[in-house]
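Student: So that we are looking at the same thing, I have put the structure below in structure tokens.
Here, each number is a calculation from the coordinates, and none is a lab measurement. The structure displayed is predicted, hence computed values, not measured ones. No Cβ is skipped: glycine too gets one built from the backbone with ideal geometry, and neighbour counts run over all protein chains shown.
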């Protein structure tokens with residue numbers, strides 16, 4: 001008999017876990033995937049491309065319905081799980097149905113943070129986190145409308161890019177002194193700001209939102225320094241918060257996210273968590289690749305293999321507002337590190353490699369990111385770069401050819 005395995009969450013982490021399990025032990029588990037959203041799992045990284053009308057909703061679907069069916073997966077999407085009873089090993093859904101489980105995986109993701117300022121409940125104030133948000137923004141973002149995006153991190157800039165491509169007049173407000181401060185150093189962030197402004201998007205740094213003003217609908221954003229920006233719509237992209245409400249019903253250990261060990265197991269037997277809702281060694285990852293690495297490790301564990309997930313090297317390799325950026329590891333450069341820097345403003349290229357004890361420990365690239373994944377491999381493996389140090393800045397092909 002197949003063991004009942006319930007996965008709560010029908011996003012990218014859940015899809016990858018099913019894929020990994022199917023490759024290792026198809027038929028061992030009778031898998032049910034439960035998700036709030038009324039659609040198949042899709043690629044959230046491409047939400048800005050949907051908003052910009054560069055791709056359709058269907059284009060970002062990860063797997064077709066028959067892919068799930070061929071792997072024996074029962075899909076219960078558009079249905080919300082509301083509680084877990086670990087004693088009798090059942091998950092209760094909002095419609096009253098219950099699902100038995102031998103193993104339970106929480107892949108509930110995260111939600112957009114809504115700021116604690118007046119006016120957040122006005123019409124026209126939206127978040128940017130899923131396809132439902134995209135639909136709401138699309139209905140409000142008419143050509144020539146004034147849009148204010150609160151947040152100059154990855155999601156905020158993606159929203160701004162999509163809105164601008166849709167014809168809106170866009171302003172970005174960011175609390176920090178540089179854009180994408182978690183992924184870029186000062187020089188790369190400055191170059192990104194210039195590129196975004198060249199696309200007609202206004203960027204305001206060190207801009208603290210004090211209130212959103214309007215009667216029933218948003219009309220303006222008021223800053224702490226007294227400035228006011230007119231707005232027909234406001235998109236809040238000021239960060240994310242792990243979805244832990246379901247985990248609390250099972251009395252699992254929770255800090256910022258659901259606490260898991262190196263096998264991704266939560267604090268009660270046979271309950272696991274992966275992706276943005278999980279907290280491993282004090283870290284909640286908000287990126288896709290760590291979720292995939294966790295899914296891979298958990299699949300090995302669930303199939304009886306020995307595994308110890310050590311954590312992930314945080315890396316970003318994306319197009320932001322049409323500009324390629326990459327960062328990984330200690331890209332800022334802690335004490336005891338040294339840096340190799342290459343910059344060509346004319347080509348719009350910037351590279352910084354951070355080295356410690358003869359090994360690559362961090363990198364940030366702007367414009368030319370073709371060698372980003374190679375640098376990430378060097379960071380992850382900790383291999384000595386001494387044989388290629390003179391040429392490492394110029395890419396893998398040249399460095400390896402000269403070292404041969």
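Student: Going by a ≥ b ≥ c, the root eigenvalues of the Cα gyration tensor, does the range 322-403 fall in the rounded group (a/c under 1.5), the prolate group (a/b larger than b/c) or the oblate group?
Tutor: oblate
Student: If you don't mind, there's one more thing I want to ask. So for 36, 70, fewest C-beta neighbours within 10 Å to most, what's the order?
Tutor: 70, 36
Student: Could you calculate the contour length gain from residue 393 to residue 97, that is, 0.36 nm times the residue separation minus the distance between their Cα atoms, to one decimal place in nm? Write out the running numbers ahead of the final one.
Tutor: Values: separation 296, 0.36 × 296 = 106.56 nm, distance 5.76 nm.
Between residue 393 and residue 97, full extension yields an extra 100.8 nm.
Student: Pop a pseudo-label 7 angstrom from the Cα along the beta-carbon direction at both residue 386 and residue 208 and give the gap in nm to one decimal.
Tutor: Result for the modelled spin labels: 5.0 nm.
Student: Using Cα pairs closer than 8 Å and at least 6 residues apart in sequence, work out the relative contact order for the range 322-403, in percent.
Tutor: 28 percent
Student: Let me ask you something else. Taking 8 Å as the Cα distance limit and 6 or more residues as the minimum spacing, I'd like the relative contact order of the range 125-236 as a percentage.
Tutor: That works out to 31 percent.
Student: Out of the DSSP beta bridges found with both residues in the chain, what percent are antiparallel (nearest 5)? Walk me through the numbers before you get to the answer.
Tutor: Working: 48 of 84 bridges.
The answer is about 55 percent antiparallel.
Student: Something else about it: When the Cα centres of the range 155-197 and the range 79-124 are compared, how far apart do they sit, in Å?
Tutor: 32 Å
Student: Let me ask another. Cut-off is 10 Å between beta-carbons; in what order do 354, 300, 323 appear when sorted fewest neighbours first? Kindly include the intermediate steps, with their values, before the conclusion.
Tutor: Numbers: 354 24, 300 18, 323 21.
Least to most surrounded, the residues fall as 300, 323, 354.
Student: Over the chain, what relative contact order in percent results from Cα pairs under 8 Å that are six or more residues apart? Walk me through the numbers before you get to the answer.
Tutor: Values: 898 pairs, mean separation 56.8, N = 404.
Reported relative contact order: 14 percent.
Student: Expressed as a whole number of Å, what is the distance separating the alpha-carbon centroids of the range 1-37 and the range 227-283?
Tutor: Rounded to whole Å, the Cα centres lie 20 Å apart.
Student: Here is a further query. How would 371, 330, 59 line up from fewest to most surrounding beta-carbon atoms within 10 angstrom?
Tutor: 59, 330, 371
Student: So, one more: Rounded to the nearest 500, what is the chain's calculated 222 nm mean residue ellipticity when only DSSP H runs of at least 4 contribute -39500 (n - 2.57) each, over all residues?
Tutor: The helix-only estimate for the chain comes to -7000 deg cm²/dmol at 222 nm.
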